[in-house]
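Here is the structure we will look at, set down as structure tokens.
What follows draws every value from the coordinates through simple rules; no lab data is involved. Computed from a prediction, not measured in an experiment: that's the story for all the values here. No Cβ is skipped: glycine too gets one built from the backbone with ideal geometry, and neighbour counts run over all protein chains shown.
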């Protein structure tokens, strides 16, 4: 495969243009855009409807095969998640080749084979192409879909959803999509534990039969192949795939844009940053006349490091690590413009105001010539570099087919990019960037950000984490007359077993299953404690050994990770030495605790206790009804930034007359870990030697 224009030639032309400048006080006239001639992929079509595109490239002895099933967006309704489960089950064996044999052979060939609910991808050395195509086709046509595998994948999906419950970014994405499109729209619906529990094994089989078929399929082949040989291989294997009955998919209209600029606020008490996303729906397709102008306008507004948004929110004000905007295309009238960032709680209101300011700036002021030239240069450079990859040619050809683009769409791409004017940028910005009809979805800690957010004057509407409209959250409720912090602490001590029983506890041994979001393994955590302050924790994963260890013997301590021991810092040593027993509430001095407020956590009324110790401030939350501790919260400084650590306690169970929380969720910044206790021993299984 050859392209008539290489990166070298384009860069050479650009250099000549620079050196030819004579009057540096004047902006040079742009020269003609380089002419792009793309090699046309070989094509053929099977009788069952599969269209095959082939790009030959013999530089490396490898080949790849990308299957795309071009279905319309599918709404899954009360069984949202069924496609996700199907996608995770596909590609794990066939009715002809058992799962273990199938995966072992893929590994033996040094190949890759991955499936999703509407496609697949495989790659291998070209000498193994016969077998990899055979395995790919077999997995697509005769998938091994078993009830046992279904139950495993269903459980994994539920665990993944649980791990995202406290994720600000996950909630922001879910609520933003639901409010923009509507919960019944394929782009607006979301998967919940309830919808996953509605899914039966038969639903997965039915989804496969209806939607995973060759009716609207494209197969892109790229690499060290011969088209005549590819035709033989594909016909022999994918030609067996029978068409299914056509399914008429009706896509509802997305929700209308907001009538006026408004903040849609979701309260996340655990949030240490606010996620801000201004969004409005657009009707934007790749075959629109304005397509290239919109790309340039978005690049200038928020599509790169030097964009309006990033230079303002990051460089000028230091609100965030990065601010971006994006505008998506869709053949199904389901596109959105978004702009925003994750920012510190205390500057949430200011970031909203500055975001609106920059969007209105590009709508009302001509862009600077330098910004326009830089945006064009970025697209030219990216486009030319992409042409060096054979996969690009195939992808471009597929996009032309899928998006009803003119045949010369990519041949004229650079000339159309370079033809965009300042007037074009302002025109398309006014057409597609609609702050006057935008929702500004803000997910953050309401008690920290709402007061200042209200001062912006932008109307605020309140939603829960699942896009249901709610009342304004109440952050502080009236406290019972005469209640003190000491009373709350005494009620806790009584609730978990009483002072006499707690003082008899000399040691505890806790073994728990640990869930790390995204990790393919589930380690065990063993925690040992001995009065007054000895502590040891070890996290072990099967087949991987010790992942992490922490130990304090009463005088000194260390943390060990990947075989490297790191001594505890003086501040942490002092804090651990100051502990007087295994239940800190027994030893709290009245002068160190203060009843802060009565508030709500996950619908439960709690008393918030402020604890001040050694110039450190932390908070402890106790259930109003049960007296149990349900949360601790502490902010620490690490690597020049403030990080809030939150630990949630639940599922209390009686162990020898002591109520122990069997579930503990630890959130450190954006990361969270869950500990599900399997065994607790009190005053047994622990010796002083354990801490040596």
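Odds and ends about this structure:
- Label-point separation in nm, residue 613 to residue 244, each point 7 Å along Cα→Cβ: 5.9
- Förster-model FRET efficiency, 25 Å R0, residue 651 and residue 164, C-beta, rounded to 0.05: 0.80
- Extent along principal axes [Cα atoms of segment 351-411; Å; largest to smallest]: 43, 24, 22
- Taken along the Cα-to-beta-carbon direction at a fixed 7 Å, the label points for residue 364 and residue 524 span 6.5 nm.
- Going from the residue with the fewest nearby Cβ atoms within 10 Å to the one with the most, 166, 231 rank 231, 166.
- Annotation: peptides 270-282, 334-346, ranked by per-residue average of other Cβ atoms within 10 Å with the highest first, follow the order 270-282, 334-346.
- Calculation over all alpha carbon pairs of segment 441-549 in 5 angstrom steps from 0 returns a P(r) of 2, 8, 10, 10, 8, 9, 13, 17, 12, 7, 3, 0 percent.
- The share of Cα pairs per 10 Å bin across segment 55-97, counted from zero up to the longest distance, runs 17, 33, 28, 17, 4 percent.
- Estimated from helices alone, the mean residue ellipticity of the chain at 222 nm is -9500 deg cm²/dmol (sum of -39500 (n - 2.57) over DSSP H runs with n ≥ 4, per residue).
- Here the calculated FRET efficiency for residue 562 and residue 142, from their Cβ-Cβ distance with R0 = 30 Å, stands at 0.10, rounded to the nearest 0.05.
- Extending 7 Å from Cα along the Cβ direction at residue 589 and again at residue 422 yields two label points whose distance is 6.7 nm.
- Computed E for residue 511/residue 469 - FRET, C-beta separation, R0 45 angstrom, nearest 0.05: 0.55
- The chain - convex hull of alpha carbons, volume per residue in Å³: 202
- For segment 69-158, the equivalent ellipsoid built from the Cα gyration tensor has semi-axes of 25, 16, 10 Å, listed from largest to smallest.
- Alpha-carbon radius of gyration plus Dmax, which is the widest Cα pair, for segment 485-691 in Å: 17.1, 49
- Segment 149-208: C-alpha gyration tensor shape, a/c 1.5 cut-off, then a/b vs b/c: oblate
- With N the number of residues in segment 46-238, Rg(Cα) / (2.2 N^0.38 Å) evaluates to 1.13.
- Segment 345-479, relative contact order in percent, only Cα pairs under 8 angstrom and at least six apart counted: 39
- Relative contact order (%) - the chain, alpha-carbon pairs under 8 angstrom, separation at least six: 13
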